[in-house]
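The values are calculated or read from the model by the stated rules, or taken from the named source; none is laboratory data. All values derive from a computational prediction rather than experimental measurement. Note: areas computed on protein heavy atoms with side chains; ligands, DNA, RNA excluded. Shrake-Rupley method; radii C 1.70, N 1.55, O 1.52, S 1.80 Å.
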Amino acid sequence: MKRREFIVLLGSAAATWPFAARAQQREPPRRVAILEPIAKDTPSSKARYTAFLEAFEQLGWTDGRNVQIVSRWGGGNDVETRKYVAELVALAPDVILAGGGSAAELMLKATRTIPIVFVILPDPVGSGFVERLSRPGGNATGFMMFEYNLCAKWLELLKEIAPSVTHAAVLRDPSFAHGIGQFAIIQAAAPSVGIEVSPIDLREPNQIERAIATFAQSPNGGIILTASGIGATNVNLIIAAAARYKLPAVYIQRPFVVAGGLISYGPNFADQYRRAAAYVDRILRGEKPADLPVQAPNKYELAINLKTAKALGLNVPPTLLTRADEVIE
């Protein structure tokens, strides 16, 4: 190449470099929408949300720099949650993170094109959200809450920690399939444990309080709070009512026991949110939800609150204490 042609070529390339750099700088940040049907101040929601943000930042994403995170909290109000679904879908985000079965169900009714990563979802195949766990096949994938047989374990734990219990109220959200499914498993296990079960449908806070008060009029009762957004939102009310009416109660997650509940058995939800950050990252980098397998929890945790047990007049069996992952005194 002649010297004059080389100088012209070099000058032309140098002139384009600033434009390319400015174009890269002007590239808009990616957008991630997060929908939680529960309230932001529930015992577990802050830990879960923080776990996701920390893991997401470790993967190279910083809110306000290269990604915009838009979060909405339904507070257990179905009308508000549905409004937020429409609002977030209208924003056309690159990925939606949906917390719980109700959020995933509402999101999938609203969009079958925007990628969705669900977290703590009870039954993704049975609910029709994915074709199969290994290859979801649609626009959604994520992390299942548990296998349904876990629900029978709650009834067994209730009998083990409070042997005098003969009937239990199962607090559930009947408006979603997983609420009905959890009660069905508990009901099927009830005869072998020697506990009669009946459902309490979760609706408004006042209704929950009245239903527990009515149930407590019969002796030897206990409570099982199944997994649901409305249950998590009202967990402080339920813990207080269980203490007031001297009802042993079983919960699905450790933060509820830290907040004063008696005993819990279930997955570590914060860990699932950390793992979900990796799926959101992979989708933002070009992978498809249809190709990312739905994952199950890595382990389950048993937590017991001895202070609550003492207030209820319960002597926790040593065999149960030795199995516990955490004992709160």
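Counting each pair of different Cα atoms once, what's the Kirkwood radius of the stretch 121-185 in Å, rounded to one decimal?
13.5 Å
How large is the Kirkwood hydrodynamic radius of the stretch 91-144, in angstrom, based on all distinct alpha carbon pairs?
Final number for the Kirkwood radius of the stretch 91-144 is 10.8 Å.
Which value, in Å³ per residue, describes the convex hull spanned by the Cα atoms of the stretch 275-329?
112 Å³
Any idea what Rg and Dmax come out to for the stretch 213-329 if you just take the C-alpha atoms, in Å?
For the stretch 213-329, the Cα radius of gyration and maximum Cα-Cα distance read 17.7, 58 Å.
Once Rh for the chain is found with the Kirkwood sum over Cα pairs, what is the Stokes-Einstein diffusion coefficient at 20 °C and 1.002 mPa s, in µm²/s?
Using the Kirkwood radius from Cα pairs, D works out to 100 µm²/s.
How are the C-alpha pair distances of the stretch 23-65 spread across 10 Å bins, as whole percents from the shortest bin up?
Taking all Cα pairs of the stretch 23-65, the binned fractions are 22, 44, 26, 8, 1 percent.
Out of every Cα pair in the stretch 71-174, what percent are spaced more than 21 Å from each other?
Of all Cα-Cα pairs in the stretch 71-174, 45 percent lie more than 21 Å apart.
Return the lysines within reach of LYS83: Cα separation strictly under 18 angstrom, same-chain partners fewer than 8 residues apart disregarded; answer none if there are no such residues.
Answer for LYS83, where 18 Å is the Cα cut-off: LYS40, LYS109, listed by chain and number.
Among LYS46/LYS288; LYS153/LYS307; LYS159/LYS246, which pairs are too far apart, with a Cα-Cα distance over 24 Å?
With Cα atoms farther than 24 Å apart: LYS46/LYS288.
I'd like the accessible area for PHE129: 1.4 Å probe, protein heavy atoms, all chains in place, Å² to the nearest 10.
Here the residue's solvent-accessible area equals roughly 20 Å².
Evaluate Rg over Rh across the stretch 145-287, taking Cα atoms for both radii and Kirkwood's formula for Rh.
Rounded to two decimals, Rg over Rh is 1.02.
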